[in-house]
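> Okay, handing you the structure first.
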Amino acid sequence: MRQRLITLALAGMFSAVSGTTSAQTQHVDVALVLALDASGSIDGNRWKLQIEGYIKTFRDKDVVARIKSGPHQRIAVTMVHWSGANEQRQVIPWMILKNDADAEAFATAIEKTERIFKGHTSVGSALMFSAGLLLDTRFKALRKVIDISGDGAEDSGIPAMIARDLVVAQGITINGLPILGYEADVELYYEQNVIGGPGAFMVVAKSFEELANAIRIKLLSEMTNLESPRYALLGD
């Protein structure tokens, strides 16, 4: 059974990038997948706080300045909504951000996205789908990163630990944004089963109200080569 899961996981990873090759390769400092938990445990108010946190972050002057500070002075970013084993969607296509206007365009794109899922929780499947996007050959990135948020452990799909190991083997870093308040010990689950790869870390939000600050701190760290703490806890 374990070998079958691994085989299916690998197939899912590579199928996600079929047909994405482009004649022109773009060099970026980081290629970043923002993978947002859209499972049933995220009610309407929590979803709104999660979305507003990302919008606010990409309108933050410090975040834009950090984007401009790298060797290539640009990043590639996309957004994914995820829920159960077969519920992942790239809701915003890859965008290159290099200035205030690009960051504002991405924030506006987030505002226009509509929630698609409200199902089960498959962290592992979300990681595999996101990794497939990062294998897109249009980008030559100094770092490839999945930034995954969530408020609980998987209840369906590929086990997160197996997915993590497969993804990390592709040279991808997985950073976590566990959100407390719904499921006990979710931060330990993310630390032990989800995050991995070079410089991997997580920022823990003690509530959804703390999300905007957590997202800001996390993205500032992901857009730089400075070493990040492996575990950071926010909130009182």
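The values are calculated or read from the model by the stated rules, or taken from the named source; none is laboratory data. Model, not experiment: these values are computed from the prediction. Ideal geometry is used to build each Cβ from the backbone, glycine not excepted, and the neighbour counts take in all protein chains shown.
> Taking the stretch 59-81 as the region of interest, how many residues are out of contact with any Asp or Glu (no Cβ under 6 Å at 6 or more places or on another chain) and without any contact (Cβ under 8 Å) to a residue 60 or more places away in the chain?
11
> Within the stretch 153-167, does at least one residue satisfy the condition of being modelled with pLDDT under 90, over 19 Å from residue 55 (Cβ atoms) and among the hydroxyl-bearing types (Ser, Thr, Tyr)?
yes
> Just to check your reading of the model, which residue among 124, 119, 84, 132 is part of a loop (DSSP other than H, G, I, E, B) and buried (at least 21 other Cβ atoms within 10 Å of the Cβ)?
Of 124, 119, 84, 132, the one residue that is part of a loop (DSSP other than H, G, I, E, B) and buried (at least 21 other Cβ atoms within 10 Å of the Cβ) is 84.
> Quick check on the stretch 107-114. Is at least one of its residues over 20 Å from residue 196 (Cβ atoms), basic (Lys, Arg) and not in a strand (DSSP E or B)?
Checking the stretch 107-114: at least one residue is over 20 Å from residue 196 (Cβ atoms), basic (Lys, Arg) and not in a strand (DSSP E or B).
> Kindly indicate whether residue 55 is buried (at least 16 other Cβ atoms within 10 Å of the Cβ), out of contact with any strand residue (DSSP E or B) (no Cβ under 8 Å at 6 or more places or on another chain), at pLDDT 90 or above and of a type outside the set (Gly, Ala, Ser).
yes
> Among the residues that make up the stretch 163-183, is at least one of them under 18 Å from residue 31 (Cα atoms), in contact (Cβ under 8 Å) with a residue 12 or more places away in the chain and hydroxyl-bearing (Ser, Thr, Tyr)?
Yes, some residue in the stretch 163-183 is under 18 Å from residue 31 (Cα atoms), in contact (Cβ under 8 Å) with a residue 12 or more places away in the chain and hydroxyl-bearing (Ser, Thr, Tyr).
> If you check every pair at least six apart or on different chains, which have Cβ atoms under 7 Å apart with a residue in the stretch 83-97 that is of a type in the set (S, T, N, Q) first and a residue that is part of a strand (DSSP E or B) and surrounded by 19 or more Cβ atoms within 10 Å (Cβ to Cβ) second?
Going by the 7 Å Cβ cut-off, the qualifying pairs are 88/80; 88/82; 90/78; 90/80.
> Looking at the stretch 87-106, which of the residues that are touching a helix residue (DSSP H, G or I) at 6+ places or on another chain (Cβ under 6 Å) and part of a strand (DSSP E or B) is farthest from residue 139 (Cα to Cα)?
At the first step, the residues of the stretch 87-106 found to be touching a helix residue (DSSP H, G or I) at 6+ places or on another chain (Cβ under 6 Å) are 88, 92, 95, 97, 100, 103, 106.
This time we only want the ones that are part of a strand (DSSP E or B), so: 88, 92, 95, 97.
Working: 88: 22, 92: 16, 95: 11, 97: 13 Å.
Per the stated criteria, the residue is 88.
> Another question, if that's okay. Can you tell me which residues in the stretch 130-154 are farther than 26 Å from residue 70 by Cβ and touching a residue at least 60 places away in the same chain (Cβ under 8 Å)? If you could, list the steps in order and put the result at the bottom.
Quick first cut of the stretch 130-154, residues farther than 26 Å from residue 70 by Cβ only: 150-154.
Within the stretch 130-154, 150, 151, 152 meet the criteria.
> Mind checking which pairs have a first residue in the stretch 27-49 that is more than 17 Å from residue 222 (Cα to Cα) and among the β-branched types (Val, Ile, Thr) and a second that is surrounded by fewer than 19 Cβ atoms within 10 Å (Cβ to Cβ) and modelled with pLDDT under 85, Cβ under 8 Å, 6 or more apart or different chains?
Here the result reads 42/118, each pair linking the stretch 27-49 to a residue that is surrounded by fewer than 19 Cβ atoms within 10 Å (Cβ to Cβ) and modelled with pLDDT under 85.
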